[in-house]
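What follows is a short report on a single structure.
Every number in this text was worked out from the coordinates using simple rules, so none of it is lab data. These numbers come from a predicted model, not from an experiment. Counting neighbours? That spans all protein chains shown, and the Cβs are built from the backbone with ideal geometry, glycine included.
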Amino acid sequence: MSEERGWWKIFISSYVSKAGLALLIFMVIVSIYVLFTYPLDYGIRVWSNPRVWADNPKTVPPVWVDYFVGRDLVTHQIVSTKSPVKTVSIKGVAYRVYRVKYSLTEEGFPTYVLLKIYNLTMYSRHGAYFIINFTRPNGDEINLLSFYESPPPGAKLPYLAYADREKIVFLSKEKSIVFNLLNYVNSKYDLNYNTTDIEKLGYETILFGKPVVENGNIKWVPYNGEYKVTVYMHGDKKDSIKLIKVVFGGETYGLLGTDASGRDIAQGLLFGFPVALAIGFFTSVVTTAIGASLGIVSGYKGGRTDEIIQRISDIVYNFPYLPMIILLVFIVSRNPNFPRLLAILGAIIALGWPGLTILIRSMVLSLRQAQFVEAAKAIGARDFRIMFKHIFPNLAPFIFAQMIFFTPGAILAEAALSFLGLGDPNIPTWGQIIEESFYAGAVLNGWWWWVLPPGLLIMLAAITFVFIALGLEPVVNPRLQER
Amino acid sequence: MSKVIMKLEDIRTYYYLRKGLFKTLVVKAVDGVSLEFRAGETTAIVGESGCGKSTLGRTSLKLIEPTSGKIIFEGKDITHYKGDLKWFRKKAQIIFQDPFQALNPYHSIYRILSEPLEIFGERKREVIEEKIVNALEEVKMHPPEEFLTKYPHMLSGGQRQRICIARALLLGPIYLVADEPVSMIDASSRAEILTLFRNIQKSRDLAIMYITHDIATTKYFSDWIAIMYAGKIIEYGPTREVLRNPLHPYTKALIEAVPDPDPENRFKIRPVIPGEPPNPINPPPGCRFHVRCPKRFDPCDKKEPPLKEVKKDHYVACFLFT
Amino acid sequence: MSEKLLEVNNLYLYYRTYKGIVQAVDGVSFWVPKGKAMGLVGESGCGKSSAANAIIRLLPSNTHRYEGSIKLDGRELMKIPDEEFRRKIRWREIAMVFQGAMNSLNPVIKVGFQVAEPLIVHLGMNKKEALERAREMFIKVGLSPAFIDRYPHELSGGMRQRVVIAMAMVMNPKLLILDEPTSALDVSIQAQIMNLLKELKKEYNLSMIFITHDIALASDISDYLAVMYAGQIVELGPIDKVLVDPLHPYSQKLIASIPRLRVDREPEFLPGVPPGLINPPKGCRFANRCPYRMEMCEKEPPLFDVTPDHHVKCWLHGGEHS
């Protein structure tokens, strides 16, 4: 009644609790958004699915890094076309021209160029023959490479290729283009390069750059302008292509960059919000329920029951937390059918309950002497009733505060376990993401956008609950209240 | 003479404290008390702290198990009763000293009062409500409905104690132990609560054990008085008689030590009993009071004086009277 | 009327709580003559402990209003800054025995040192001298000087209370404030302590403010009686007047409710509860329980002088009425 309203007023009066509450509301809103917009099997369907991320640049920083670096960084662009710009057909044979345009405006080189061809339908046994050309802003058209595709012998026509797996040509990594580049460069710019020089500079530098003389040395600078990638296709008149995509790899991508698999880190981290909250709440609720119940029974019953429960909690309490959790998860994860995440949660709960048991027991010991307990006995109440209808409500605020306080510990424990590689690789939790970043050498390579954001988010989640717990302290311990 | 409801025969309640691995101390809280409680009568148990009166009250209700002796309730020996005592709890209740502690701060008044009914199987809400409202009216809390949703901390000390009384009365007891029921209530409200006790006793014909250290209140709320010292009863008789003609030196000194409101008091040095109340772990040999007694003589430190009837219905345990 | 040692006029002490502002001391005026004791009586929650704290200036951090005039021997204390008050007045001229002090002794420090400490801190005595003085004090309060080396848990309740009194008296204050000094003690020990206080009062010509809810106890030492209700003093005067023939309707009811051991008079009771100190009612605060209530009572009466030393805050005794 007014007791509860007073509770709220005390809680809300301090700055820490206001801050904690604001953070919690923020986290909850984000989690709700994620739950509505992400598919439930996001982990398996999207995050661990390389096909989703295939086009993305790998380990590039976020787009807003532009402001800090001082120059515009090359944005990631994907250009596609479905229909040819020109088709010439003579007597059942067609000659199609597909063209894609790309503007390089920034002072940098694209990180790679990918060509993808989707769904090629071939009507002739001869198949189709492709020539890929590259046009620079000054109009020079370089022939990069050519290849052809034909239906396997005995296959029924029309034959559909590039359907389950699209044709991917890494234009900027195909060794075969090096000679064409070499010829172009040496003749156009009067240079004396060999293939090693080209390799050293990188294909993208040559493709998208031009040499300038600086202090007697030749430096390749980005060549701004409009580029074209042209795909010449020879084939049967009826042949068709569903889609041609050219990916010009950018130097940046997304809100928080990408990881080594090209995954959008921002997207993965967002998914981590509800996961973190769920892990935090689930473990703390279960741990608190077990710990408090055992504490109440132990403290109230006394005697043998008390001894047994106390010994067990002493033992479990004195296990070294992290090594024990690691051991437990490791053992359970030998069974591949057991969901990893559940193993982690179970381990956190299994090691977390004794702390509360011991605390609650000592509180119950003093409450047990209270007169209203004696009064309840005098009117004939039995032990169970007294324990849960009389003693528990007196402890409820404390237990609730302990629950809140346990949450950041649980979140950190899960992060630690994932970081050590015991987590579920399919579900992108923040700990999981950090683990992969370390494993991929992110720290050594300076890929800060992969390491810092998940770390900061873990910290944020922990701080949220710590603030709330701090704000609850005066409610639970009336002596801390300001009179 | 009205019916004997509760009879205590040579009750001894000892506590055993373990001090260290091999030593056990015996606290002789109640050391041989025999009393009778009749319907419609109040017996006051008066003594200072540590004399065992609270333990006696709780022992009579089997909230503490006696070490030896007999508890006879309505003619039945229940000392070693081997079954569920729920039927006994219905008929024998207790009011505690601290009304705030005796009520669970997290339960509303309705919940507190409905609990005994629920424990004894009453399920129908209308019946429960009716009984609760009647109980509140009986303890003069008007209007009863207003109090159902309140919590203990919203009530004054006197009101809380009335709730405790209402709770005890709900089950229809015939024997009531009132353990210092007004000592934590303001002086001006005490008379009100004691009058309430008296009226309830009359209307329900209750046998009451009234435990107190405030001897002045016994005049208004007890028919019999027993003075307890170091676990034993040293004087017993009708209240008016004992208060007017105290026989035991301790009783005399106790009465002298209590001031009545009198502006002349400040000029007088009150005669006091020297020393401290005895330690129940190691009571002195012989008469427990002899160490502090101004009238002690030869047999007092060797043998314990028995409780003997010296005048009609007036009993004393003192060698001065044998 | 003898010379005034302490004169308090229009003293206010309000506290800020999250429920509102508690007007604990609301315009209180009284005096204490030299060598005399004033009993400050009232029910729990009437503000008497707060009045004591206000005089010795032990204010909590949430004090909202603290003003008025407190004159000690003619000197205005309110004008003295806090640090000077701490060094020169508190414990040296005015000392206090707090409620439950006997249970608040530091359990890990010997009692002798706890009594000696104020001497070391305030007077700069060295430890040996201070302990010697403490030994003297122990004798004065009836404790063996050997107890200097004991710890609080080794002493009984009565002995601890004597230690606390020694602690308060060690610097020979002029005024001693005692807040319920005997409430946790047995009756016989209570009598011993009251005798001690009477002796100390005589020997040191000590002025006292004796705060209690037990009027009979107050009469054991007080020369003057002040009755407090809802943060205000409603009657103030010599004890033989106020106790025998109280004028304020509340005092009348309060005194009539005391159970008397030696006189055959049924104690009366006063129904209702005193108002809370947050948002007290306008006008006379006792009006809603007063049998003589009139229309005038909607306005708050001032403290009228019935005689130069007997004051009543009631329209029945002042204004256009008397």
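At 0.36 nm per residue, and after removing the present C-alpha to C-alpha distance, how many nm does the segment from A:ARG45 to A:LYS219 gain when stretched out fully?
Numbers: separation 174, 0.36 × 174 = 62.64 nm, distance 4.51 nm.
Length gained, A:ARG45 through A:LYS219: 58.1 nm.
Just from its helices, what would the mean residue ellipticity at 222 nm be for chain C, if runs of 4 or more DSSP H residues each count -39500 (n - 2.57) and the sum is divided by every residue, rounded to the nearest 500 deg cm²/dmol? If you can, show how the numbers build up before the last one.
Numbers: 8 runs with 83 residues, N = 322.
The helix contribution divided over chain C gives -7500 deg cm²/dmol.
Could you tell me whether the stretch C:1-156 comes out rounded, prolate or oblate from its Cα gyration tensor? Rule is a ≥ b ≥ c as square roots of the eigenvalues, rounded for a/c under 1.5, then prolate if a/b exceeds b/c, otherwise oblate.
Values: a/c = 1.93, a/b = 1.62, b/c = 1.19.
Here the stretch C:1-156 falls in the prolate category.
Under 20 Å between alpha carbons, and skipping anything fewer than 8 positions from A:LYS188 in its own chain: which aspartates and glutamates qualify?
Here the aspartates and glutamates satisfying the reach criterion relative to A:LYS188 are A:ASP140, A:GLU141, A:ASP197, A:GLU199, A:GLU204, A:GLU214, A:GLU226.
Hey, what does the equivalent ellipsoid look like for the stretch B:157-273, semi-axes from the Cα gyration tensor as sqrt of 5 times each eigenvalue, largest first, whole Å?
Numbers: eigenvalues 157, 67, 27 Å².
Largest first, the stretch B:157-273 gives 28, 18, 12 Å.
Over the whole of A:73-83, what's the average partner chain Cβ count within 10 Å per residue? Rounded to a whole number, please. Numbers along the way, then the final one.
Details: counts 0, 0, 0, 0, 0, 0, 0, 0, 0, 0, 0.
Across the residues of A:73-83, the mean count of other-chain Cβ atoms within 10 Å is 0.
Out of A:PHE372, A:ALA415, A:PHE405, whose Cα points farthest toward the positive end of the dipole of the stretch A:362-480 (charges: +1 Lys, Arg; -1 Asp, Glu; placed on Cβ)?
Result: A:PHE372, furthest along the dipole toward the positive end.
On alpha carbon coordinates alone, what is the Rg over Rh value for the stretch A:386-483, Rh being the Kirkwood radius?
Rounded to two decimals, Rg over Rh is 1.20.
Report the rotationally averaged projected area of the stretch A:273-329 based on its alpha-carbon convex hull, in square nanometres.
Values: hull surface 18.5 nm².
Orientation-averaged projected area of the Cα hull: 4.6 nm².
Using a 10 Å cut-off around each Cβ, can you sort B:ASP298, A:ASP41 from fewest to most neighbouring Cβ atoms?
Values: B:ASP298 7, A:ASP41 11.
Fewest to most other Cβ atoms nearby, the residues stand as B:ASP298, A:ASP41.
Output needed: Cys residues of chain C lacking any neighbouring Cys C-beta below 4.7 Å, sorted by number.
Within chain C, the cysteines lacking a partner Cβ under 4.7 Å are C:CYS46, C:CYS290, C:CYS314.
Dividing the alpha-carbon Rg of chain A by 2.2 N^0.38 Å yields what?
Numbers: Rg = 32.4 Å, N = 483, 2.2 N^0.38 = 23.0 Å.
In units of the globular-protein estimate, chain A measures up at 1.41.
Quick one, what does Rg over Rh come out to for the stretch A:73-248 if you take C-alpha atoms and the Kirkwood Rh?
On the way: Rg = 17.7 Å, Rh = 17.3 Å.
That ratio equals 1.02.
If you take every DSSP beta bridge fully contained in the protein assembly as shown, what fraction is antiparallel? Give it as a percent rounded to 5.
Roughly 75 percent of the beta bridges in the protein assembly as shown run antiparallel, per DSSP.
Rounded to the nearest 500, what is the 222 nm mean residue ellipticity of chain B from helices alone, with -39500 (n - 2.57) per DSSP H run of 4+ residues and division by all residues?
On the way: 10 runs with 93 residues, N = 322.
The helix-only estimate for chain B comes to -8500 deg cm²/dmol at 222 nm.
Taking a 20 Å limit on the Cα-Cα distance, which of the listed pairs C:LYS34/C:LYS313; B:LYS268/C:LYS36; A:LYS116/A:LYS175; A:LYS219/A:LYS245 fall beyond it?
Details: C:LYS34/C:LYS313 25 Å; B:LYS268/C:LYS36 15 Å; A:LYS116/A:LYS175 17 Å; A:LYS219/A:LYS245 31 Å.
Correct reply: C:LYS34/C:LYS313; A:LYS219/A:LYS245.
Based only on other Cβ atoms within 10 Å, what is the fewest-to-most ordering of B:HIS213, B:HIS248?
If I rank by nearby Cβ atoms, fewest first, I get B:HIS213, B:HIS248.
Over what distance in Å are the Cα centres of the stretch A:297-344 and the stretch B:152-227 separated?
First find each Cα centre; the distance between them is then 51 Å.
Given points 7 Å out from each Cα along the Cα-Cβ axis, report the B:ASN282 to C:LYS71 separation in nanometres with one decimal.
The answer from the label model is 5.8 nm.
Which of C:LYS127, C:LYS198, C:LYS36 moves most in a GNM of chain C, Cα contacts under 10 Å?
Highest fluctuation among the options: C:LYS127.
With just the Cα atoms defining each centre, how far is the stretch C:255-286 from the stretch C:105-131? Give it in Å.
Comparing the Cα centres of the stretch C:255-286 and the stretch C:105-131, I get a distance of 43 Å.
For the stretch C:52-78 and the stretch B:296-312, what is the separation of their C-alpha centers, rounded to whole Å?
With the stretch C:52-78 and the stretch B:296-312 each reduced to a Cα centre, they are spaced 57 Å.
If each DSSP helix of 4+ residues adds -39,500 (n - 2.57) and the sum is divided by the residues in chain A, what number results at 222 nm, nearest 500 deg cm²/dmol? Don't jump to the answer; show the numbers that get you there.
Numbers: 16 runs with 240 residues, N = 483.
Result for chain A: -16500 deg cm²/dmol, rounded to the nearest 500.
Give me the one-decimal nm value for the distance between modelled label points at B:ASN245 and B:LYS3, 7 Å along each residue's Cα-to-Cβ direction.
For B:ASN245 paired with B:LYS3, the spin-label model returns 3.4 nm.
So if I take the alpha carbon set of the protein assembly as shown, get Rg, then get Rh from the Kirkwood formula, what is the Rg over Rh ratio?
Details: Rg = 44.7 Å, Rh = 37.6 Å.
So for the protein assembly as shown, dividing Rg by the Kirkwood Rh gives 1.19.
Can you give the % of DSSP beta bridges in the stretch B:4-321 that are antiparallel, to the nearest 5?
Numbers: 31 of 49 bridges.
DSSP beta bridges in the stretch B:4-321 are roughly 65 percent antiparallel.
Over the Cα atoms of chain C, how large are the radius of gyration and the largest Cα-Cα distance (Dmax), in Å?
Over chain C's Cα set, Rg and Dmax evaluate to 20.3, 66 Å.
What does the charge add up to near A:ARG51, with Lys and Arg as +1, Asp and Glu as -1, over the other residues with Cβ less than 11 Å from its Cβ?
Working: positive: A:ARG45, A:ARG165; negative: A:ASP55, A:ASP164, A:GLU166.
Taking every other residue near A:ARG51 into account, the sum is -1.
If r is the Cβ-Cβ distance from C:LYS299 to A:ALA22 and R0 is 51 Å, what FRET efficiency results, to the nearest 0.05?
Details: r = 50 Å, r/R0 = 0.99.
E(calc), rounded to 0.05, equals 0.50.
Apply the Kirkwood formula to the stretch B:4-321: the hydrodynamic radius equals the inverse of the mean of 1/r over all pairs of different alpha-carbon atoms; give it in Å with one decimal.
Numbers: mean 1/r = 0.0476 Å⁻¹.
Across the stretch B:4-321, the inverse of the average 1/r is 21.0 Å.
List the lysines whose Cα sits under 25 Å from the Cα of B:LYS140, skipping any in the same chain fewer than 8 residues away.
The qualifying lysines are B:LYS90, B:LYS91, B:LYS124, B:LYS131, B:LYS150, B:LYS202, B:LYS219, C:LYS253.
For C:SER50, A:SER333, what ranking results if the residue with the fewest other Cβ atoms within 10 Å of its Cβ goes first? Please report the intermediate quantities before stating the final value.
On the way: C:SER50 25, A:SER333 16.
Least to most surrounded, the residues fall as A:SER333, C:SER50.
Can you compute the radius of gyration and Dmax for the stretch C:72-122, using only the Cα atoms, both in Å?
13.6, 41
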